[in-house]
Amino acid sequence: MTITERDRHYVSTTLSEARVNLEIETDGMTLNLGPQHPATHGTLRIIVKLDGEQVVACEVGAGYMHRGYEKLCEVRTYPQVTTLINRIDWLSHFANEVPFILAAEQLMGIEAPPRAQYIRTIFHEMARLGNITLFLGEMGLQLGAMTATFYAFRDREHVLNLLEAVTGGRFHPNFDRIGGLKDDLPKGWVDECHAVMKKIRGFCDEMEDLVMGNEIFQVRTRGIGIIPKHIALSYGLTGANARASGVDLDLRRDDKDIAMAWKHADFKVWTHPDGDSFARYWVRLQEVRESTYIIDQLLDGLPAGPIMAKVPRIIKVPAGEAYVQTENPLGWMGFYVVSKGDLGPFRVKIRTASFNNTSVIPWVCRGLYVPDVITVLASLYFILGDIDR
Amino acid sequence: MSSADTDAPVAEAPTDERRDALVARVQAKLGAGVVETHVIPGVDAWVRVTRDAWADAAQVMTDLGFTFFDYLSAIDWYPNIHGKNEEPPTNPIVVPATSAELEHGVTGGETRFQLIARVYSPEEKIGLHLKADLPDDDLAAPTWSRVYFGADWHEREVWEMFGIDFRGHRNLAHLYLPGDFEGHPLRKDFPLLARHVKPWPGLVDVEAMPGEPDEDEDATEGGEGE
Amino acid sequence: MIPVLAELAYWQQSALKVVGVLAAVLVPAGAFVQLFLFKMVSHLQSRLGPMEAGPHGSLQALAEITKFIQKEDIVPARADRFVFKMAPFIVFVTVPLIYFAVPWGPDALFSNIDAGVFYVLAVSSVSVIGVLIAGWASANKYSLMGAIRAAGQLIAYELPMVLAVVGVVIQAGTMNLQGIVVMQAEGEIFGFDAIGNPFFLTQLVGFVVFLIAMQAELTQTPFDMPVAESELVTGYMTEYSGLRFLLFFLAEFAAVGAFGAVASTLWLGGWYLPGLDIDANYMNLVGPAILFGKILFIAFLVFWVRFTYPRFREDQLQAFAWKWLIPISLVNIVATGVFKVVF
């Protein structure tokens with residue numbers, strides 16, 4: 001199965017007769033993975049046309065969770081939108097709001113005070129921890145090693161407890177405001193956070209041993225679902241999916257202008273040249289460790305000061321267009337906000353990471369076996385709310 | 001993101017040499033295809049091209065090293081029929097007569113629908129927005145999916161949400177909506193039925209709305225319902 | 001005890017044996033479900049497991065069995081009714097047939113089959129038919145895929161199992177299971193006879209191969225492609241619910257016990273422990289307890305591996321059997337034969 005033949009020509013040809021709403025009567029079996037299926041993380045439908053156990057063609061049927069975010073954002077005020085978009089990628093709760101709030105602040109011409117920027121970055125990284133630790137355990141589950149999931153949930157609890165201590169919410173903290181944050185950190189939280197970071201590093205070591213070091217895991221993931229670099233760029237893959245294909249893109253390091261505190265931390269961007277499922281797991285594991293180091297550095301350098309800029313009580317954002325992207329746990333999340341000077345946005349285009357990450361599935365799954373399709377789905381790691389908005 | 005940008009990659013004066021140079025390169029390659037450009041120093045850059053140059057624009061950007069596809073979408077510049085967010089929607093739905101009085105955003109525009117796309121250069125770590133006007137009577141554009149494969153799904157979504165046809169697309173079928181759905185939801189004249197059925201209880205309390213932004217010292221969030 | 005039983009009529013003896021073997025099947029099955037599936041896996045995964053039913057959740061298995069029994073009997077509309085209903089019974093019936101051949105004490109046998117090893121291996125492969133027809137008759141693509149995977153896997157892994165056992169047979173010189181136990185009890189290793197000659201020392205390679213093949217025959221992870229939960233939902237058992245699913249479920253766990261009994265008898269010395277009197281009458285009571293302990297040990301290994309490892313892909317699974325296990329067991333046979341003749 002060479003890779004070089006499968007590129008532009010493949011897209012130009014009719015890649016599959018399996019349109020979403022038609023039945024296929026050709027030889028070979030058509031199998032529906034989903035919308036209810038243990039392997040897809042939510043209601044995603046993958047239609048594969050099989051020849052024995054090998055996939056001949058594949059089509060993705062998304063949209064079972066489409067909630068009409070972009071239309072809803074047009075009839076909300078800016079703070080109300082903030083509450084709404086928290087739920088796009090529900091596992092990285094805090095990180096969803098950050099690009100939108102930064103876009104609104106950019107249009108208003110204000111910047112959150114430094115302390116707020118640091119704490120925002122810390123919470124953004126903690127969202128990453130909560131999200132990716134789940135992935136580390138759950139990929140084992142998709143492959144059959146169910147024990148890893150429980151370890152992941154056990155250690156993720158520490159992060160969620162920290163979050164609850166500050167914001168009161170484990171899953172949707174709703175802590176970010178236009179101009180800063182809702183509250184300051186409680187006393188003693190910084191030391192607890194340091195301790196939890198050590199625990200997460202221990203968890204990473206455990207996963208490295210238990211899952212990544214397992215020979216069967218390696219044999220199931222190495223060389224499976226290889227995405228070459230130019231395909232990753234052309235489809236717009238972001239996050240660990242792109243970095244595992246050798247694409248050296250990380251907005252935390254590359255975007256120097258963003259009003260967050262990543263420029264004050266010294267961290268490494270992990271890439272892997274292989275582009276297979278093992279590389280995607282490996283990159284995410286290293287990223288979790290790196291996140292703990294970032295949080296440690298930011299906690300040590302936390303400046304004193306206010307946590308909220310001077311914003312009016314009723315927020316009216318001046319006219320203009322702004323686009324802000326951040327390196328969210330799943331990839332790049334961006335909000336293109338068009339404002340006409342009202343209380344709410346005129347148009348919001350939400351660029352989600354999983355949308356692009358999922359669009360590559362038909363390309364990748366051609367020629368794989370059914371179990372490998374599961375491996376690829378698990379390693380691409382999307383959240384349904386992120387795909388379907 | 002304020003204009004006094006000391007972390008900008010180039011100068012601290014409010015000019016952005018990198019983005020200006022980039023826009024100039026695009027203009028050089030597309031020539032008459034470029035209608036208008038806009039650069040916010042240290043922030044972002046937009047280039048508006050004609051619809052005929054839209055297909056070439058994709059190839060030009062790839063040749064310039066912008067191989068990363070970010071997104072492709074559209075903007076409908078009709079005013080919001082649901083009022084300015086805090087007013088109840090108009091019943092029946094009132095759609096403005098002509099496109100002439102529409103206000104457009106950065107880089108202007110002449111039509112109701114505008115395509116917007118963003119591409120990014122992984123080497124230069126810089127992105128560019130491209131816009132194109134689409135005439136009302138011929139709501140179509142050439143596809144980008146042969147050059148940027150990711151545009152495949154984005155164009156499907158734009159087609160089903162706005163009704164914009166993409167010529168040359170391999171499979172312009174519904175992505176999010178059920179197969180027999182009628183209408184194009186993200187158009188401004190497509191009603192958000194929930195708002196017509198009953199007023200949304202999360203309306204902002206507007207009685208204290210000042211003429212100028214209220215410089216209150218208690219900087220809390222602005223009215224989150226109730 | 002046994003002399004008393006010998007005076008009953010043949011039909012009465014057979015009836016007692018059937019009841020006894022059903023007990024022998026169900027008791028380990030229930031014990032394994034409760035002990036390993038509920039408690040051991042939970043503690044391995046740093047959680048407590050079921051805690052409500054009975055003290056510390058110890059009656060959970062009973063609760064689950066009762067729940068399954070009282071469920072509605074659903075047969076899919078397009079399924080082949082007779083075949084669909086027959087499949088669980090086929091799978092379930094093979095398990096007591098294995099228990100019949102295993103000796104539990106010097107006289108506590110259900111039957112003393114001369115070609116015991118041959119009988120056990122032959123009977124254990126009948127369950128493949130049950131799995132196949134379960135998948136086919138379900139009229140469900142997932143079940144069909146699971147059944148076809150199962151057929152390939154179960155047949156492929158019978159070969160290493162048989163070949164591993166051949167090594168033991170060569171060393172013991174008999175296919176009679178009771179004879180093998182006696183050989184292990186009374187044998188000696190190069191003149192050292194304090195612990196007899198338990199074959200897991202001299203036949204270690206064969207033992208390991210048998211354990212791996214056994215894991216595959218029981219469709220436990222890492223060989224649980226037929227039941228790959230995150231792909232095929234439950235594979236060939238997807239359409240089964242209620243009592244029929246209970247039969248599959250119990251058959252799976254009872255089979256763990258059955259194969260564990262066979263493995264203990266062939267390699268670990270069966271119902272005998274070094275130091276005990278092999279012919280004494282009390283061994284008829286102590287022997288089953290000893291054998292049950294050994295079965296528990298082997299089952300523990302099976303489930304420990306099951307809950308830790310991810311699963312093989314089907315072709316990797318087959319490659320593992322054909323390229324690794326079979327050549328290794330063939331080498332083992334050759335080595336055993338050479339050693340047997342030379343020493």
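The values are calculated or read from the model by the stated rules, or taken from the named source; none is laboratory data. Computed from a prediction, not measured in an experiment: that's the story for all the values here. Cβ atoms come from the backbone with ideal geometry, glycine included; neighbour counts cover every protein chain shown.
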Next item on the list: Take the residues in region A:245-259 that are free of Cβ contacts under 8 Å to residues at least 60 places away in the same chain and either more than 12 Å from chain B (Cβ to nearest Cβ) or of a type in the set (Gly, Ala, Ser) (or both), then tell me which one is surrounded by the fewest Cβ atoms within 10 Å (Cβ to Cβ).
Entry: A:246
Checklist line | region A:155-180, residues that are hydrophobic (A, V, I, L, M, F, W, C) and part of a helix (DSSP H, G or I) | finding: A:159, A:160, A:162, A:163, A:165, A:166
Check: Can you name the number of the only condition in (1) crowded, with 22+ Cβ neighbours inside 10 Å; (2) touching a Lys or Arg at 6+ places or on another chain (Cβ under 8 Å); (3) modelled with pLDDT of 90 or more that residue A:354 fails?
Finding: (2)
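Condition check ((1) in contact with a Ser or Thr (Cβ under 9 Å, 6 or more places away or on another chain); (2) small (Gly, Ala, Ser); (3) under 30 Å from residue A:376 (Cβ atoms)) across all residues:
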{"residue": "A:187", "(1), (2), (3)": "no, no, no"}
{"residue": "A:191", "(1), (2), (3)": "no, no, no"}
{"residue": "A:198", "(1), (2), (3)": "yes, no, no"}
{"residue": "A:202", "(1), (2), (3)": "no, yes, yes"}
{"residue": "A:210", "(1), (2), (3)": "yes, no, yes"}
{"residue": "A:215", "(1), (2), (3)": "no, no, yes"}
{"residue": "A:221", "(1), (2), (3)": "yes, no, yes"}
{"residue": "A:230", "(1), (2), (3)": "yes, no, yes"}
Note to self: Tell me the residue from A:198, A:187 that is in a loop (DSSP other than H, G, I, E, B), surrounded by fewer than 16 Cβ atoms within 10 Å (Cβ to Cβ) and either touching a residue at least 60 places away in the same chain (Cβ under 8 Å) or not hydrophobic (A, V, I, L, M, F, W, C) (or both), please.
What the structure shows: A:187
Note to self: Given the condition among the hydroxyl-bearing types (Ser, Thr, Tyr) and within 14 Å of chain A (Cβ to nearest Cβ), answer yes or no: does some residue in region C:4-18 qualify?
What the structure shows: no
Margin query: Restricting to region A:338-389, name every residue that is closer than 30 Å to residue B:80 by Cα, under 15 Å from the mean Cα position of the chain (by Cα) and at the interface with another protein chain (Cβ under 10 Å from one of its Cβ atoms).
Written below: A:350, A:351, A:352, A:355, A:356, A:387, A:388, A:389
Next item on the list: Answer with yes or no whether residue C:53 is more than 20 Å from residue C:22 (Cα to Cα), aliphatic (A, V, I, L, M) and part of a loop (DSSP other than H, G, I, E, B).
Entry: yes
Check: Within region A:305-321, is there a residue that is assigned to a helix (DSSP H, G or I), more than 7 Å from chain B (Cβ to nearest Cβ) and either crowded, with 21+ Cβ neighbours inside 10 Å or modelled with pLDDT of 90 or more (or both)?
Finding: no
Note to self: Go through region C:83-135 and report how many residues are polar (S, T, N, Q), assigned to a loop (DSSP other than H, G, I, E, B) and modelled with pLDDT of 85 or more.
What the structure shows: 1
Next item on the list: Inspect all residues belonging to region A:70-81 and state whether any of them is away from chain C (no Cβ under 14 Å), touching a Pro at 6+ places or on another chain (Cβ under 9 Å) and free of Cβ contacts under 8 Å to residues at least 40 places away in the same chain.
Entry: yes
Checklist line | Subset of region A:120-146 (residues that are of a type in the set (Ser, Thr, Tyr) and within 14 Å of residue A:240 (Cα to Cα)) | finding: A:133
Margin query: I'd like to know if region B:49-64 contains one or more residues that are touching a Ser or Thr at 6+ places or on another chain (Cβ under 7 Å) and of a type outside the set (D, E, K, R).
Written below: no
Margin query: Here's a check for you: in region A:201-239, which residue that is part of a loop (DSSP other than H, G, I, E, B), hydrophobic (A, V, I, L, M, F, W, C) and more than 14 Å from chain B (Cβ to nearest Cβ) is nearest to residue A:374 (Cα to Cα)?
Written below: A:224
Notebook entry, point to check: With respect to residue A:245, is the statement that it is small (Gly, Ala, Ser), assigned to a helix (DSSP H, G or I) and over 30 Å from residue C:223 (Cβ atoms) true?
Noted result: no
Check: Restricting attention to region A:70-89, and to residues there that are part of a loop (DSSP other than H, G, I, E, B) and touching a His at 6+ places or on another chain (Cβ under 9 Å), which single residue is nearest to residue A:321 (Cα to Cα)?
Finding: A:74
Notebook entry, point to check: Only one of C:286, C:305 is surrounded by fewer than 22 Cβ atoms within 10 Å (Cβ to Cβ), among the hydrophobic types (A, V, I, L, M, F, W, C), within 14 Å of chain A (Cβ to nearest Cβ) and out of contact with any strand residue (DSSP E or B) (no Cβ under 9 Å at 6 or more places or on another chain); which?
Noted result: C:305
Note to self: Just the residues that are within 14 Å of another protein chain (Cβ to nearest Cβ), crowded, with 24+ Cβ neighbours inside 10 Å and not in a helix (DSSP H, G or I), please, taken from region A:90-144.
What the structure shows: A:112, A:144
Note to self: Just to be sure before I move on: is residue C:41 touching a Gly at 6+ places or on another chain (Cβ under 9 Å) and under 30 Å from residue C:179 (Cβ atoms) in the structure I sent?
What the structure shows: no
Next item on the list: For residue B:158, state whether it is β-branched (Val, Ile, Thr) and either out of contact with any strand residue (DSSP E or B) (no Cβ under 6 Å at 6 or more places or on another chain) or facing chain A (nearest Cβ under 9 Å) (or both).
Entry: no
Item checked: Count of region C:172-204 residues which are among the aliphatic types (A, V, I, L, M), assigned to a loop (DSSP other than H, G, I, E, B) and at pLDDT 75 or above -> 1
Next item on the list: Just give me the residues in region A:48-60 being over 20 Å from the mean Cα position of the chain (by Cα) and within 14 Å of chain B (Cβ to nearest Cβ), in sequence order.
Entry: A:57, A:58, A:59
Note to self: I'd like the residue in region B:36-59 that is within 10 Å of chain A (Cβ to nearest Cβ) and touching a Phe, Trp or Tyr at 6+ places or on another chain (Cβ under 8 Å) and, out of all such residues, is nearest to residue B:112 (Cα to Cα).
What the structure shows: B:38
